[in-house]
Amino acid sequence: MEPCLLTYNSIVNGFCKNGRYERAKEVLNEMMQIGMSPDTATYNTLLVECCRKDNVVEAEALFDEMLRRGVVPDLVSYSSIIGFFSRTGNLDRMMTYYKDMQSKGLTPDKFVYTILIGGFCRHGAISDAMKVRDEMMKLGCQMDVVTYNSILNGLCKEKMLCEADALFNEMVERGVFPDFCTYTTLINGYCKTGYMDKASSLFTSMLQRNLKPDVITYNTLIDGFCKAGEMERAIELRDDMISKLIHPNYITYGTLMNGFCDGGFLSEAFQLWNEMIDKGIEPNIVICNCLIKGYCRHGDPGKALEFLKRMKSRGIFPDCITYNTLIHGFMKEENIDTAFDLVKRMEKEDLVPDLVTYNVILAQFCRLGGMQEANTIYRKMIEKGVNPDRSTYTSLINGYVSQENLKEAFKLHDEMLQRGFVPDDKF
């Protein structure tokens, strides 16, 4: 008995599900060779797999082939390709297919609208997302929690928190229950903008609804309180998560350490470093740089240098940021010999001094009136192929002006303009 269309479609589906798209395409060709016309379901299976693998060229070719053969695309066909462009941010192509779908007399459903809204929100086109939302509501297509979450995420990204709050209230009034994603999105939005009372209130509401926060939720709140300088609240949250058997990770510790370092509480930050190691959480270079920055910022680059040895002993090797921070710390203390020794060490470790390195050293020489040394550094950076930026020129010009060497200052001012940098108003 000859296999029927349904059998072929099952085979195509099986190959696609197992990631064997090329074999599925061969089956499509075999079908046509024996005179069996593939239908919408055949093409949809292949389209979904192409879009899943981000093979847009093949997906569009399949879509065109489908139309040429007189196979009518349905909502699944369009939603697959619209979804791909939504995800990748090609909003013009997304809307081209959407309009084409409408011109074919197909009415978008909630799923298609959610895809469109998600695309606009992910890529910062909130006003377009709201237009689609209005169209959706006019047609009587009710938004679900996924649609609301997409818009809330977009609003929070754009810091439109009043609008996000109004939308949250609307979803509750319409009987759409906020889920874990809703609360996490809003908490993140409020934390990032410093509205910690609002973030805390939402966290309490989340717990009251028996929605369990995860390590990301806690880390978001901890970060917010650290940035607000409320370290006691941040530590309370760390303790709370441990009591609920949610294990702090390296992000938790890194965030807390950064908060303590910013506030000058370096012993507390170092205590957390030891605690995370005791718990088997290996610190990374970002966390190490945080402590080094803390010591240098608060006037103890010597302690930072000691810590450098400690991190190396654990197999954590410094990067350009580590050295630039240390160099800046010692230059601030006017310990120029140690700063230059660090530059040499940096080069020995195959770390190339960058613009930040040169600017740090050059700026300090300019502040100290060492314009000859500053000029030497300036020439060296150009020889090494490191292009000066506005900060470089500003330091040099200020240095020469303070020594009343206006000839050199104006010469650098002209050079700065030639390189396309706009000087400060005071120049």
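Taken along the Cα-to-beta-carbon direction at a fixed 7 Å, the label points for residue 6 and residue 99 span 4.1 nm. Annotation: the stretch 354-427 has a Kirkwood hydrodynamic radius of 12.1 angstrom, from the mean reciprocal C-alpha pair distance. The stretch 385-405 and the stretch 199-226 have their alpha-carbon centroids 47 Å apart. Figure legend: label point modelled 7 angstrom from the Cα of residue 109 along Cα→Cβ; no residues of the stretch 6-35 have amide N under 14 Å from it. Once the gyration tensor of the Cα atoms in the stretch 203-335 is diagonalised, the equivalent ellipsoid follows with semi-axes of 31, 16, 11 Å, ordered largest first. For residue 249 and residue 417, what does the FRET efficiency come to when R0 = 41 Å and r is the distance between their Cβ atoms, rounded to the nearest 0.05? Rounded to the nearest 0.05, the efficiency is 0.25. For the stretch 291-356, the relative contact order is 30 percent, taking Cα pairs closer than 8 Å that sit 6 or more residues apart in sequence and dividing their mean separation by the residue count.
In the neighborhood of residue 88, defined by Cβ-to-Cβ distances under 11 Å, what is the net charge if each Lys or Arg adds +1 and each Asp or Glu adds -1? So the surrounding residues net to +2.
Determine, from the Cβ-Cβ distance of residue 162 and residue 286 and an R0 of 25 Å, the FRET efficiency 1/(1 + (r/R0)^6), rounded to the nearest 0.05.
On the way: r = 34 Å, r/R0 = 1.36.
Given R0 = 25 Å and the Cβ-Cβ separation, E is 0.15.
The alpha-carbon of residue 344 sits under 30 angstrom from the alpha-carbons of these lysines, leaving out residues fewer than 8 places away in its chain: 293, 303, 309, 312, 332, 380, 384. For the pair residue 306 and residue 232, the difference between a 0.36 nm per residue extended length and the Cα-Cα distance amounts to 23.8 nm. Cross-link pairs exceeding 32 Å in C-alpha to C-alpha distance, out of 110/212; 53/110; 159/279, comprise 159/279.
Mind checking the full-extension length gain between residue 88 and residue 240? Use 0.36 nm per residue of separation minus the Cα-Cα distance, one decimal, nm.
On the way: separation 152, 0.36 × 152 = 54.72 nm, distance 3.84 nm.
Here the answer is 50.9 nm.
Give the Debye-formula value of log10 I(q)/I(0) at each listed q (0.08 Å⁻¹), with one equal scatterer per alpha carbon of the chain, two decimals each. Scattering profile of the chain, log10 relative to I(0): -0.75. The alpha-carbon of residue 348 sits under 18 angstrom from the alpha-carbons of these aspartates and glutamates, leaving out residues fewer than 8 places away in its chain: 319, 337. Taking N as the residue count of the stretch 22-89, its C-alpha radius of gyration divided by 2.2 N^0.38 Å amounts to 1.07.
From least to most packed, judged by other beta carbons within 10 angstrom and beginning with the fewest, 97, 21 follow the order 21, 97.
With a cut-off of 8 Å between alpha carbons and a minimum separation of six or more residues, what is the relative contact order of the stretch 167-230 in percent? Don't skip to the answer; put the middle values down first.
On the way: 46 pairs, mean separation 21.8, N = 64.
It comes to 34 percent, rounded to a whole number.
Geometric descriptor of the stretch 338-394, per residue, is 73 Å³ (volume of the convex hull of the Cα atoms). Mind pulling the angle between the C-alpha long axis of helix 126-138 and the longest principal axis of the chain? Nearest 10 degrees, somewhere in 0 to 90. Relative to the chain, helix 126-138 is tipped by roughly 30 degrees.
Values quoted throughout were computed directly from the atomic coordinates according to the rules given, and no laboratory measurement underlies them. A quick note: this is a predicted structure, and the numbers were derived from the prediction, not measured. Backbone-built Cβ (ideal geometry, glycine too); neighbour counts: all protein chains shown.
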